[in-house]
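These notes concern the structure reproduced below.
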Amino acid sequence: MAAKQVNPTRMELTRLKKKRITAIRGHKLLKDKRDELMRQYLDLVRENMDVRKKVEAGIRAANRNFVIAKATTPEAALGTAFLASKQEVTLEAGEKNVMSVEIPTFSYQTRTADENDVYSYGFAFTSSDLDGAVKSLADILPDMIRLAECEKACQLMAAEIEKTRRRVNALEHVIIPETEENIRYITMKLDENERSTQIRLMKVKDMMLEEAHHYSEK
């Protein structure tokens, strides 16, 4: 067993007691971190589900309008409408620290603030369904960016939760019990050595008294 591999000295006992205190404190901190990560992870999962529903609804609406527009608009006019884009979007990526997890953040900026700049074509030869499809895609752009943030954050936080959970289990089921077992083993050995020393001292004392008694009789 692990206890038989330690050196049963008072110095080792002191070291193990300090190790046990540190391990118990670390175990509590890691459990608190795991619980907080789980809370924030569940909040993100719920938000991710809500944002995904909005994005999927927007994409379905855009696809539906595109299908209708394709059926009512000449193919040449539809192809010409998307030859050149009018609006530009700049995406910037950053990071934020959440419980020691680096979560990506995305922000975007359009070339102009005019909402009508999403239409890169004139309205004379296209249907309103095409306008609705383009507007639907433009409207869900912020939600798509937020969805990317949420999904990546969920992935990273899930990995960190699993890592923290393994550390908590290692401390709780391996390191702390082994340390306490070694402390009990060393304490028992030191007590045995102390009792043996006391017995030897008592025997030496008895021998000295016996020798002194015989000497006085002579």
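The values are calculated or read from the model by the stated rules, or taken from the named source; none is laboratory data. The structure presented is a predicted model; accordingly, all values stated were derived computationally and were not measured. Here the Cβ is made from the backbone with ideal geometry for all residues, glycine too, and neighbour counts use every protein chain on show. Protein only, heavy atoms only, side chains kept; ligands, DNA and RNA dropped before computing areas. Shrake-Rupley method; radii C 1.70, N 1.55, O 1.52, S 1.80 Å.
Filter segment 179-192 for residues that are surrounded by fewer than 18 Cβ atoms within 10 Å (Cβ to Cβ) and touching a residue at least 24 places away in the same chain (Cβ under 8 Å); which is nearest to L37 (Cα to Cα)? Before you say what the answer is, go through the steps one by one.
Start the filter on segment 179-192 by keeping residues that are surrounded by fewer than 18 Cβ atoms within 10 Å (Cβ to Cβ), which leaves 180-181, 184, 187-192.
Adding the requirement that they be touching a residue at least 24 places away in the same chain (Cβ under 8 Å) leaves 180-181, 184, 187, 189-190.
On the way: E180: 29, E181: 32, R184: 35, T187: 39, K189: 43, L190: 44 Å.
Among them, the one singled out is E180.
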Residue hits (segment 17-48; over 23 Å from E180 (Cβ atoms) and either surrounded by fewer than 16 Cβ atoms within 10 Å (Cβ to Cβ) or β-branched (V, I, T) (or both)) are D35, E36, M38, R39, L42, D43, V45, R46
Test for Q87: is it surrounded by 15 or more Cβ atoms within 10 Å (Cβ to Cβ), within 18 Å of D139 (Cα to Cα) and either modelled with pLDDT of 95 or more or of a type outside the set (D, E, K, R) (or both): yes
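Take the residues of segment 115-151 that are open to solvent by less than 80 Å² (accessible area, probe 1.4 Å) and among the charged types (D, E, K, R): which is modelled with the lowest pLDDT? Please lay out each step first, then the result.
In the first step, residues of segment 115-151 are kept if they are open to solvent by less than 80 Å² (accessible area, probe 1.4 Å); the result is 117-122, 126-127, 129-138, 140-143, 145-151.
If we keep only those that are among the charged types (D, E, K, R) as well, we get 117, 129, 131, 135, 143, 146, 149, 151.
On the way: D117: 65, D129: 74, D131: 73, K135: 79, D143: 92, R146: 92, E149: 93, E151: 93.
My answer is D117.
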Between residues in segment 17-45 that are without any contact (Cβ under 8 Å) to a residue 12 or more places away in the chain and residues that are part of a helix (DSSP H, G or I), which pairs lie under 7 Å by C-beta distance while being six or more apart or on different chains? none
